[in-house]
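In what follows, a single structure is set out as C-alpha cells and then discussed.
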Amino acid sequence: MISADAVLSQMLRKTGLVNDDQLAVALASDRSDGSTLIEALVKTGAAREDDLLKKLAPLLGVTYTDLSTTAAEIEALKLLPARAVYQYAVLPLKLEGNTMLVAVSDPFNAGMVDGLRLATGKQIRLTLATAEEIRKANRKHYGVGAEAVEKMIEDGRYEVDTDTSTSKIDVSEMGQEASIVRFVNQIIAEADRQGATDIHLEPMEEELRIRYRIDGILHRVDVPLQLNRLKSAVISRIKVMANLDIAEKRMPMDGRIGIRVGGEDIDIRVSTMPTVYGESISLRLLQKSGSMVKLQDLGLNQRDFGAVEKIINRPNGIFLVTGPTGSGKTTSLYAFLHEINKIDVRILTAEDPIEYEMAGINQVLVRQDIGLTFARVLRSFLRQDPDIIMVGEIRDGETAEIAINASLTGHLVFSTLHTNDAAGAFARLTDMGAEPFLIASAVAAVMAQRLVRRVCPDCHRLEPLDLSLWDFPEPPPSLEVPVAVGCEKCVKTGYRSRRGIFELLQVTEAVESMIINRRPSGEIKQQAIEQGMLTLRRDGWEKIFGRITTVEEVLRVTEDND
C-alpha cells in the first residue's frame, strides 16, 4: 500500500516549489510530534505553507481559502463540537444544504472525513487553509481550551452550586484530572505564546473573564461561554498548583508556580483576592531564561547612551531608575549589569522576585516572610567584598541609608524608586529620612523611564503632524509621523513590542546645591533641563519623529508638565 507521504511527495513535486533533495530532508526530519510532511518542509525552510497549499489545492480537486479574509458561519460552528475541531485541527466554515465546508491543513488525515461526518451528520467538503490560520480562528470562535471545557461539562463532578462558595470537586482527584489540568495549562501556554506578562482571572456575575496583559495593555481572552459554570474548579486548580489553601477563600494569598512551556522555565507569581463573585487571581509570568536586553537595545538616545555608559563604569555612587510598576526599571538594571559583568568584578543583587538569572552574578531572593528584607540583605552584602550592588527597590529609610553608606564607602549601587519623574527621587529619599547632604554626595544620576508600544512595521501609515496643536521649541525633523492601523501580525492593535523613553538627570554641582537646600522637585527639574536633560515627553517626541511610536502612545504614558 502506498503511504500518504508517498502520494503527497508526488503531488508536491508537481507543484514545482520543492525538489527531491528538499523532500528527502523533510522526510528524514524528526516528526515524532505528529507534524505533517508539509509542516516539515516549512520548518526546513523549503517553502511557505500557503504557497504549497495553493498549488496543491487544484491537484486535489479542492479550493484554497484565506481565513484572514473569510469568516466562519455561526450555524457551522455550532454544529461541530470543539473536541472534534481540535482533534482533527479543522475549522467548519459554512453549511451548503446537507454539506459542510471544512477548512483543513492536512487533507491526508486518516479517518478525518468519516469522523467529521459522524459528528455533524452532514456530508463533508474540504478546502485548504494554513495550520496557523486555522488555530487562530479556532481560538477566536471556540475560545482557548474549549475542548477541555467540553470534557469537564460532560463530567458531573465539575458542576457547581449557584452558591459558588462550595465546590463539588474532589480535590484529591482534581490534581490528576486531565481536563482541568489541560485547560489551565492551555491558558498559561497561550499567554506565553502571545508574550503576555500577566494573566488575570476575574469572576464576574455571569462569566469568568480572563485577560492577558500584552505590551502593557490588557486584552480579553476568548474563552468558552460555559466556563462560568467551572470557575470554581479553575481557580481551585491554580491554587493547588501554587500550594495555596483552597479552603481559605476569605483572605488574599500569595504563592508561586514553577513550570516549563516550550522548553523554557517560567516562574509564575500567584496572587488571590476575594471579590463579590469569587476569588480573583492574578498570575505574573517571569521567564527565568528569557533573552537579556542589552544596553544598546533599551532605546536611549545617543547623548543619554554615552552618559549612562560613563555612569555604570564609575567606581562608586548610586544610579537610580524610577517609574511606575511595569515601566521596565528592572530590565534596565539587568542591561546595566550585563554591560559591566566581567571576571574581575564582583556583583551582588538583592531581588524580589529574581526576574532573570544571570551567569557570573550572585543573586539573592529577598523573603519578607522570614525576615530576609532588602535592608538585611544589603547589610550582609557589605561584608561580602562586592564591587557592585543591585537592590531591586529602595522601599524604606533603612534600605536607603545602607545604600547611601555603601556608595560613600566605595561601592557602585543600582536600585529603583517609584516616582513620576527623575527629579522626584530626591524628595522621595528625603521623605524616607535620608539626609539631603548625604543624598547629594551619594547619588550620581537618576533615570526616569516609561514604555511605549512600537508601531507595527507591517501596517502603519504616515500622516502629516498638525504643528498648531503642539508648542515645539524648534522645528521638528519630520512633519510626517506614524499612525497605528492594525493587521493580523499585530492582532489588530497596530503595535508590536515596546521601546523605552527616558529622562536622565545627572547630579552636577548646581543640582547638589539644590538638593542640600531642599529645593522643590520642579526647580531641580528645570535646572536639569537647562543642563540639557530631555524630559520623558521630549524623548517621546524623538521616538515619534524616529517613526518608532505614535503621538497617542507618548501622550498615554507621559504627563503634560514639561
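The values are calculated or read from the model by the stated rules, or taken from the named source; none is laboratory data. Please read all numbers here as calculations on a predicted model, not as lab measurements. Neighbour counts run over all protein chains shown; Cβ positions are idealised from the backbone, glycine included. Side chains are part of the model used for accessible areas, which takes the heavy atoms of the whole protein and leaves out ligands, DNA and RNA. Shrake-Rupley method; radii C 1.70, N 1.55, O 1.52, S 1.80 Å.
Tally the residues that are crowded, with 18+ Cβ neighbours inside 10 Å and in a loop (DSSP other than H, G, I, E, B), restricting the search to region 257-305.
Here the count works out to 3.
All but one of (1) modelled with pLDDT of 90 or more; (2) buried (at least 16 other Cβ atoms within 10 Å of the Cβ) hold for Arg461, so report the exception by its number.
(2)
Quick test for you: out of Asp267, Asp304, pick the one residue that is charged (D, E, K, R), touching a residue at least 60 places away in the same chain (Cβ under 8 Å), on the phi < 0 side of the Ramachandran plot and touching a Phe, Trp or Tyr at 6+ places or on another chain (Cβ under 7 Å). Show your work before the answer.
Working: Asp267 fails: touching a Phe, Trp or Tyr at 6+ places or on another chain (Cβ under 7 Å).
Exactly one of Asp267, Asp304 is charged (D, E, K, R), touching a residue at least 60 places away in the same chain (Cβ under 8 Å), on the phi < 0 side of the Ramachandran plot and touching a Phe, Trp or Tyr at 6+ places or on another chain (Cβ under 7 Å), namely Asp304.
Find the residue count for region 84-115, including only residues that are surrounded by 15 or more Cβ atoms within 10 Å (Cβ to Cβ) and free of Cβ contacts under 8 Å to residues at least 40 places away in the same chain. Full working, then the answer.
To start, the set of residues in region 84-115 that are surrounded by 15 or more Cβ atoms within 10 Å (Cβ to Cβ) comprises 84-95, 100-109, 112-113, 115.
Applying the additional criterion that residues be free of Cβ contacts under 8 Å to residues at least 40 places away in the same chain yields 84, 88, 92-95, 100-104, 109, 112-113, 115.
The number of residues fulfilling the criteria is 15.
Give the number of residues within region 333-384 that are farther than 23 Å from Gly299 by Cα and either assigned to a loop (DSSP other than H, G, I, E, B) or not hydrophobic (A, V, I, L, M, F, W, C) (or both).
First, pick out the residues of region 333-384 that are farther than 23 Å from Gly299 by Cα: 342-354, 359-384.
If we keep only those that are either assigned to a loop (DSSP other than H, G, I, E, B) or not hydrophobic (A, V, I, L, M, F, W, C) (or both) too, we end up with 342-346, 349, 351-354, 359-363, 366-369, 371, 373, 376, 379-380, 382-384.
Counting residues in region 333-384 that are farther than 23 Å from Gly299 by Cα and either assigned to a loop (DSSP other than H, G, I, E, B) or not hydrophobic (A, V, I, L, M, F, W, C) (or both) gives 27.
Of the residues in region 1-47, how many are open to solvent by less than 60 Å² (accessible area, probe 1.4 Å), under 23 Å from Tyr88 (Cβ atoms) and in a helix (DSSP H, G or I)?
Counting residues in region 1-47 that are open to solvent by less than 60 Å² (accessible area, probe 1.4 Å), under 23 Å from Tyr88 (Cβ atoms) and in a helix (DSSP H, G or I) gives 15.
Is there any pair linking a residue in region 528-548 that is within 23 Å of Leu479 (Cβ to Cβ) and open to solvent by 10 Å² or more (accessible area, probe 1.4 Å) to one that is of a type in the set (Gly, Ala, Ser) and modelled with pLDDT under 95, with Cβ under 7 Å and at least six apart or on different chains, and which?
From region 528-548, the pairs are Phe545/Ser478.
Here is a list of conditions, (1) open to solvent by less than 20 Å² (accessible area, probe 1.4 Å); (2) at pLDDT 95 or above; (3) of a type in the set (Ser, Thr, Tyr), and Thr558 meets all of them except one; can you say which number that is?
Result: Thr558 passes all but (2).
If you go through region 378-412, how many residues are out of contact with any helix residue (DSSP H, G or I) (no Cβ under 9 Å at 6 or more places or on another chain) and open to solvent by less than 10 Å² (accessible area, probe 1.4 Å)?
The total comes to 0.
For (1) modelled with pLDDT under 85; (2) of a type in the set (D, E, K, R); (3) touching a helix residue (DSSP H, G or I) at 6+ places or on another chain (Cβ under 9 Å); (4) surrounded by 20 or more Cβ atoms within 10 Å (Cβ to Cβ), each residue gets a yes or a no:
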position	(1), (2), (3), (4)
Arg117	no, yes, no, no
Gln123	no, no, yes, no
Thr130	no, no, yes, yes
Glu133	no, yes, yes, yes
Gly145	yes, no, yes, yes
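Yes/no matrix, rows are residues, columns are (1) closer than 25 Å to Ala137 by Cβ; (2) modelled with pLDDT under 90:
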residue	(1), (2)
Thr164	no, yes
Arg182	yes, yes
His200	yes, no
Glu207	yes, yes
Arg213	yes, no
His219	yes, no
Val261	yes, yes
Ile266	no, yes
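Within region 49-83, can you find the residues that are without any contact (Cβ under 8 Å) to a residue 60 or more places away in the chain, out of contact with any strand residue (DSSP E or B) (no Cβ under 7 Å at 6 or more places or on another chain) and surrounded by 20 or more Cβ atoms within 10 Å (Cβ to Cβ)?
Answer for region 49-83, where residues must be without any contact (Cβ under 8 Å) to a residue 60 or more places away in the chain, out of contact with any strand residue (DSSP E or B) (no Cβ under 7 Å at 6 or more places or on another chain) and surrounded by 20 or more Cβ atoms within 10 Å (Cβ to Cβ): just Leu52.
Among the numbered criteria (1) within 23 Å of the chain's Cα centre (by Cα); (2) more than 22 Å from Asn316 (Cα to Cα), which single criterion is violated by Asp431?
(1)
Can you spot a residue in region 309-316 that is of a type in the set (Asp, Glu), under 21 Å from Met447 (Cα atoms), in contact (Cβ under 8 Å) with a residue 24 or more places away in the chain and open to solvent by 50 Å² or more (accessible area, probe 1.4 Å)?
In the first step, residues of region 309-316 are kept if they are of a type in the set (Asp, Glu); the result is 309.
From what is left, the residues that are under 21 Å from Met447 (Cα atoms) are 309.
With in contact (Cβ under 8 Å) with a residue 24 or more places away in the chain added as a condition, the list becomes 309.
Still in the list and also open to solvent by 50 Å² or more (accessible area, probe 1.4 Å): 309.
Taking every residue of region 309-316 in turn, at least one turns out to be of a type in the set (Asp, Glu), under 21 Å from Met447 (Cα atoms), in contact (Cβ under 8 Å) with a residue 24 or more places away in the chain and open to solvent by 50 Å² or more (accessible area, probe 1.4 Å).
I'd like to check something: does region 492-512 contain any residue that is crowded, with 16+ Cβ neighbours inside 10 Å and assigned to a helix (DSSP H, G or I)? I'd like the intermediate steps shown before the answer.
First, pick out the residues of region 492-512 that are crowded, with 16+ Cβ neighbours inside 10 Å: 493-496, 498-507, 511-512.
Of the ones still in play, those that are also assigned to a helix (DSSP H, G or I) are 511-512.
Checked against the condition, which is being crowded, with 16+ Cβ neighbours inside 10 Å and assigned to a helix (DSSP H, G or I), region 492-512 yields at least one hit.
Residues that are open to solvent by less than 60 Å² (accessible area, probe 1.4 Å) and modelled with pLDDT of 90 or more: does region 471-482 have at least one?
Residues of region 471-482 open to solvent by less than 60 Å² (accessible area, probe 1.4 Å): 472, 476, 478, 481-482.
When the remaining residues are screened for being modelled with pLDDT of 90 or more, the result is 482.
Scanning region 471-482, I find at least one residue that is open to solvent by less than 60 Å² (accessible area, probe 1.4 Å) and modelled with pLDDT of 90 or more, so the answer is yes.
Considering only residues that are hydroxyl-bearing (Ser, Thr, Tyr) and open to solvent by 20 Å² or more (accessible area, probe 1.4 Å), which ones fall in region 415-444?
So in region 415-444, the residues hydroxyl-bearing (Ser, Thr, Tyr) come out as 415-416, 419, 430, 441.
Hits for region 415-444 are Thr430, Ser441.
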